[in-house]
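Q: Quick one: the structure is below, and I'll ask about it shortly.
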Amino acid sequence: MASRLEMVSVVIPTLNEAGNIGEALASIEKELSYPNEVIVVDSNSTDGTQEIAKDNNCRLIIQPKKGYGLALLTGMKRAKGDIVVMIDGDGTYEPKHINLLIDTMIERRAEMCLASRMYGLRPHSMGLINYVGNRLITLCYDLLYGQYLTDTQSGFRAISKAAIEKVNFEEGDMAFAIEMLTKFAKKRFKMVEVGTVYKPRKYGKTKLKPLTAGRQIFNTIFKGLRA
Ligand SMILES: Nc1nc2c(ncn2[C@@H]2O[C@H](COP(=O)(O)OP(=O)(O)O)[C@@H](O)[C@H]2O)c(=O)[nH]1
Ligand SMILES: [Mg+2]
């Protein structure tokens, strides 16, 4: 099964990640054992992120309009691979698990495999508000959509490109992550997980605004039910 996989597209959204993106790209290149293309989608960073990306053997797409979801969607639309892996450019996810994500998705014949940071106790690198918010969002999502996921806010996922093409995405910001899960559930696409770790951000600041994102995420969960 795995041998039929011709290309994996890795899509990385970046906004001012100059301190992190070089190391993130190097470790993805080192760890990923499938033929691949790596796409960095940058929203006009002002700290030299684009220059570092260009020096690191990847496709750079500039999406001047801000938004985590819009950046990912822009990259996914241009991806040539049969499987798309989304991963943040801030070095908080573990590229050592990238093959495991892909292999699990293929072996379990799923449309998506998520890397869950929520097996076991709260990771030290995840603040209490984000942890509690994630647990609440995930509980609400699982109950309403009949799923058993543990980390709906994970930004590290392997996804079938064919499945992405069957969905119409509307959320341009952080709620994109949950929109993908509501719409995949509605289409009865199979979603599985593997456990991963969550590392502290070494440089720069998070762009997540928990209250705004929380509101958008719950709106998206309820909107998805009515669709
Ligand atoms: N292109 C682009 N990337 C973004 C934007 N907002 C966040 N990101 C990137 O998306 C990833 C996740 O964002 P982050 O701020 O770390 O959110 P957190 O992980 O929830 O704290 C990082 O690689 C960011 O650089 C945006 O508006 N445009
Ligand atoms: Mg982050």
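Rule-based calculations on the coordinates, nothing more; no lab input. Since this is a predicted model, take the numbers as computed values, not measurements. FYI the Cβ positions are ideal-geometry reconstructions off the backbone, even for glycines, and counts take in every protein chain you see.
Q: Go through Glu23, Glu37, Glu29 for me and flag whichever is within 19 Å of the chain's Cα centre (by Cα), under 18 Å from Thr206 (Cα atoms) and touching a residue at least 24 places away in the same chain (Cβ under 8 Å).
A: Glu23
Q: Give region 75-96 a look and list any residue that's crowded, with 21+ Cβ neighbours inside 10 Å and free of Cβ contacts under 8 Å to residues at least 40 places away in the same chain, or say none.
A: Within region 75-96, none qualify.
Q: Tell me the helices (runs of 4 or more DSSP H) entirely within region 111-227 that contain at least 2 residues that are within 16 Å of ligand 2 (Cβ to nearest atom).
A: Counting at least 2 such residues, we get 128-145, 176-186, 210-226.
Q: Moving on to the next point. So how many residues does region 88-110 have that are more than 16 Å from ligand 2 (Cβ to nearest atom) and in a loop (DSSP other than H, G, I, E, B)?
A: Going through region 88-110 one residue at a time, the tally reaches 3.
Q: Do you know which of the residues in region 80-111 that are of a type in the set (A, V, I, L, M, F, W, C) and in contact with a Lys or Arg (Cβ under 6 Å, 6 or more places away or on another chain) is nearest to Phe184 (Cα to Cα)?
A: Selected residue: Ala110.
Q: Identify, please: which residue in region 155-189 is surrounded by 16 or more Cβ atoms within 10 Å (Cβ to Cβ) and of a type in the set (Lys, Arg) and is, among those, nearest to the chain's Cα centre (by Cα)?
A: Taking the candidates together, the pick is Arg157.
Q: Continuing with this model, one more query. Applying the selection to region 14-56, what residues are surrounded by fewer than 19 Cβ atoms within 10 Å (Cβ to Cβ), within 11 Å of ligand 1 (Cβ to nearest atom) and polar (S, T, N, Q)?
A: Within region 14-56, Asn44, Gln50 qualify.
Q: Restrict the check to region 76-87 and report whether at least one residue is part of a helix (DSSP H, G or I), within 16 Å of ligand 2 (Cβ to nearest atom), within 28 Å of Thr212 (Cα to Cα) and not acidic (Asp, Glu).
A: No: region 76-87 contains no residue that is part of a helix (DSSP H, G or I), within 16 Å of ligand 2 (Cβ to nearest atom), within 28 Å of Thr212 (Cα to Cα) and not acidic (Asp, Glu).
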